[in-house]
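**Q** Have a look at this one before I ask anything.
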Amino acid sequence: MDTTREKAWSILTQHVQEKPLLNHCLAVEAAMRAYAAKYGEDVEYWGAVGLLHDVDFEKYPEEHPGNAKNMLKPHGYSDQFIIDIESHARDWAPERSLLQKVLLGVDELTGFIIACALVRPDKSIANLQVKSVMKKMKDKAFARAVNRETIVQGAQMLEIELQEHIEFVAAALAKDFSMS
Ligand SMILES: [Fe+2]
């Protein structure tokens with residue numbers, strides 16, 4: 001199976017036009033690649049899952065992520081690849097693999113970190129302090145659309161401290177993600 005970034009990007013941009021969603025996919029990709037490297041897993045594969053995890057969201061928000069299969073199968077993505085994407089449904093029943101835990105664990109968190117950076121005068125993720133992210137986690141009025149519970153659960157699933165998880169994802173974004 002071809003999991004190159006080039007192919008994943010070309011498919012994603014056929015189905016997603018909205019900038020914020022594209023940015024979200026790029027951010028999740030960066031976090032997935034960083035965690036794959038950390039855990040000694042397939043960086044290319046994890047990155048492609050991250051990049052394509054919301055491929056059906058713009059066109060089929062109601063069925064998301066149930067339509068990813070129809071969009072990816074014709075391009076030769078494996079059943080496992082499609083299951084990995086489908087697994088980030090919040091109500092996914094089977095036990096999640098490491099990749100699947102990471103995907104769920106970074107999905108909301110990347111958006112939250114970006115929101116925290118955007119209220120800084122320099123808008124920089126690199127200069128963002130983890131303690132200020134932790135503080136904003138408790139500020140319910142801030143980025144209220146972001147589900148804090150999912151973020152906390154993500155760290156628990158990965159059996160790492162929330163602070164460490166935030167720090168790791170923020171570093172990945174600072175290194176490999178820039179808002180387009
Ligand atoms: Fe997502």
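**Q** Could you give the spread of the C-alpha atoms of the stretch 40-124 along their three principal axes, from largest to smallest, in whole angstroms?
**A** 44, 34, 26
**Q** How much net charge surrounds MET71 when only other residues with a Cβ under 10 Å from its Cβ are counted (Lys, Arg +1; Asp, Glu -1)?
**A** After counting each charged neighbour, the total is +2.
**Q** Under a 1.4 Å probe, what is the accessible area of the chain per residue, stated in Å²?
**A** Roughly 50 Å² per residue, with all protein chains present.
**Q** Still on this model: Counting only C-alpha contacts under 8 Å and six or more residues apart, can you give the relative contact order of the stretch 68-180 as a whole percent?
**A** Averaging sequence separation for qualifying contacts and normalising by length gives 29 percent for the stretch 68-180.
**Q** Same structure, new question: Mind checking which of GLY66, HIS15, ALA93 is farthest towards the positive end of the chain's charge dipole, using Cβ charges of +1 (Lys, Arg) and -1 (Asp, Glu) about the Cα centre?
**A** HIS15
**Q** Find me the longest stretch of the chain that has none of the exposed trypsin sites (Lys or Arg not before Pro), where exposed means in a DSSP loop (not H, G, I, E or B) with at most 15 other Cβ atoms within 10 Å.
**A** Segment 1-58 is the longest.
**Q** Additional query: Quick one: among VAL119, VAL55, VAL146, which has the greatest mean-square fluctuation in a GNM of the chain with alpha-carbon springs under 10 angstrom?
**A** Looking only at VAL119, VAL55, VAL146, the biggest GNM fluctuation is shown by VAL119.
**Q** Then there's this: Using only alpha carbons, build the gyration tensor for the stretch 81-180 and give me the equivalent ellipsoid semi-axes, biggest first, whole Å.
**A** 24, 15, 12
**Q** Choose one answer from GLY76, GLY111, GLY50: the residue with the largest mean-square fluctuation in a GNM of the chain with alpha-carbon springs under 10 Å.
**A** Per the Cα network of the chain with a 10 Å cutoff, GLY76 tops the list.
**Q** Within the chain, which whole H helices from DSSP have a Cα span along their axis of at least 24 Å and a mean Kyte-Doolittle hydropathy of 1.0 or more, if any?
**A** Span-like helices here: 98-118.
**Q** How large is the dipole of the chain about the Cα centre if only Lys and Arg carry +1 and Asp and Glu carry -1, each at its Cβ, rounded to the nearest 20 debye?
**A** Here the size comes out at about 760 debye.
**Q** Taking the convex hull of the Cα atoms, report for the chain its projected area averaged over all directions, in nm².
**A** Result: 9.8 nm².
**Q** Okay, moving on. Ignoring any ligand, DNA or RNA, what whole percent of the accessible area of the chain comes from carbon and sulfur when the probe is 1.4 angstrom?
**A** Ligands and nucleic acids excluded, carbon and sulfur reach 51 percent.
**Q** While we're on this one: Considering only ALA30, ALA93, ALA170, give the residue with the highest GNM mean-square fluctuation for the chain, with springs between Cα atoms whenever their separation is below 10 Å.
**A** The residue that fluctuates most here is ALA93.
The values are calculated or read from the model by the stated rules, or taken from the named source; none is laboratory data. These figures come from a predicted structure and were not determined experimentally. Cβ atoms come from the backbone with ideal geometry, glycine included; neighbour counts cover every protein chain shown. The area values use the complete protein model at the heavy-atom level, side chains included, leaving out ligands, DNA and RNA. Shrake-Rupley method; radii C 1.70, N 1.55, O 1.52, S 1.80 Å.
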